[in-house]
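Down below is the structure, laid out as structure tokens.
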């Protein structure tokens, strides 16, 4: 029987890279599991079904442009995706939302990720707004310590907005309250956004490693990686507006500058080489604002780089 926690991708999209659909999470057999979480915790009723809820569909639809076939050489990886190994990647569909019960999907999302982790698979989540990683973080409760690596234009340390404490501006604040999150590294912050002085002070008091974009561009991603402890367990959360809008323009709050694609690729490769990436999400894509699908294609390329490098690091041996 199929798991009630997830539903198939929307009808106008196939699975990610046409990998098998696996909705029965209780009997999951996979090395890597892609999961869509379209819905966050909205600040306003207009956000319940905003265009970011269409992002998992868009990334799946354009995934064939991100990666053509398993037989083709990938120059980011220096070989084929699976490097000749027997690797099983599945798409677990989407965690459904209910406009009549706006909080129901967060517990479902948490349980879905717990089942993926229980099956020994690496979860890769496609959002949705940046609130959706909060239940994902909770699913790692017994799997710490974890260093959270956060790519974003915005800071996401707000305690609450309109009484909502688990929306897209509070993601890192909520993570900082979880005992299994050992440290937080924030990369690419620029311009203005959710951070007031009190949020920055809270992050500094916590001990977050903060690398604004102006510093990143001076020192480079190798220097950033050197600040992240070796031998750790890393969860990577990527807000699309943290990436240079030249390659990820389809966001609600674009800002000049940001992490370039080569820098993001180096970050993923570097984290895999330093320790173990235990999960990843890409969120905040607004498909209607895209140009030739480049934002979704870039998201697909980042996912492919994580899978391919994890294979080469022996994660699934």
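Just so it is clear, none of the values below were taken in a lab; they were calculated from the coordinates. This structure is a prediction, so every number in the text was calculated from the model and none was measured. Glycine gets a Cβ as well: all are built from the backbone with ideal geometry, and neighbour counts include every protein chain shown.
If each residue's Cβ is checked for other Cβ atoms within 10 Å, how do 298, 171, 147 rank with the fewest at the top?
Numbers: 298 26, 171 31, 147 22.
If I rank by nearby Cβ atoms, fewest first, I get 147, 298, 171.
Using the basic label-point model (7 angstrom from Cα toward the beta carbon), what is the residue 217 to residue 49 distance in nanometres?
4.0 nm
Report the semi-axes of the equivalent ellipsoid for the chain in whole Å, largest first, where each axis is √(5λ) for an eigenvalue λ of the Cα gyration tensor.
Values: eigenvalues 132, 107, 76 Å².
Those come to 26, 23, 20 Å.
At 7 Å along Cα-to-Cβ for each site, give me the label-to-label distance between residue 246 and residue 85 in nm.
Output for this residue pair reads 3.4 nm.
Compute the separation of the alpha-carbon centres of segment 217-288 and segment 1-75 and state it in Å as a whole number.
Distance between centres, Cα-based: 20 Å.
What is the distance, in nm, between label points placed 7 Å from the Cα along the Cα-to-Cβ direction at residue 160 and at residue 100?
My value for the distance between the label points is 2.8 nm.
With n ≥ 4 as the cut-off for DSSP H runs, can you work out [θ] at 222 nm for the chain, using -39500 (n - 2.57) per run divided by the number of residues, rounded to the nearest 500?
Values: 10 runs with 95 residues, N = 317.
Mean residue ellipticity at 222 nm (helix-derived): -8500 deg cm²/dmol.
For the peptides 197-203, 28-34, what is the packing order when you average, over each peptide's residues, the other Cβ atoms within 10 Å and list the highest mean first?
Numbers: 197-203: 15.1, 28-34: 22.0.
The most tightly packed comes first, giving 28-34, 197-203.
Is the shape of segment 1-89 rounded, prolate or oblate, going by the alpha carbon gyration tensor and its root eigenvalues a ≥ b ≥ c, with a/c under 1.5 for rounded and a/b larger than b/c for prolate? Spell out each step's value before the answer.
Details: a/c = 2.61, a/b = 1.54, b/c = 1.70.
Oblate, since a/c reaches 1.5 and b/c is not below a/b.
In segment 16-312, what % of DSSP beta bridges are antiparallel (nearest 5)? Each step should come with its number before you reach the end.
Numbers: 2 of 38 bridges.
That works out to approximately 5 percent antiparallel.
Can you put 236, 117 in order of Cβ neighbours within 10 angstrom, beginning with the fewest?
Values: 236 25, 117 21.
Least to most surrounded, the residues fall as 117, 236.
Mind sorting 76, 241, 142 by how few other Cβ atoms lie within 10 Å of their own Cβ, fewest first? Before the final figure, lay out each step's value.
Numbers: 76 18, 241 29, 142 8.
Fewest-to-most ranking of 76, 241, 142: 142, 76, 241.
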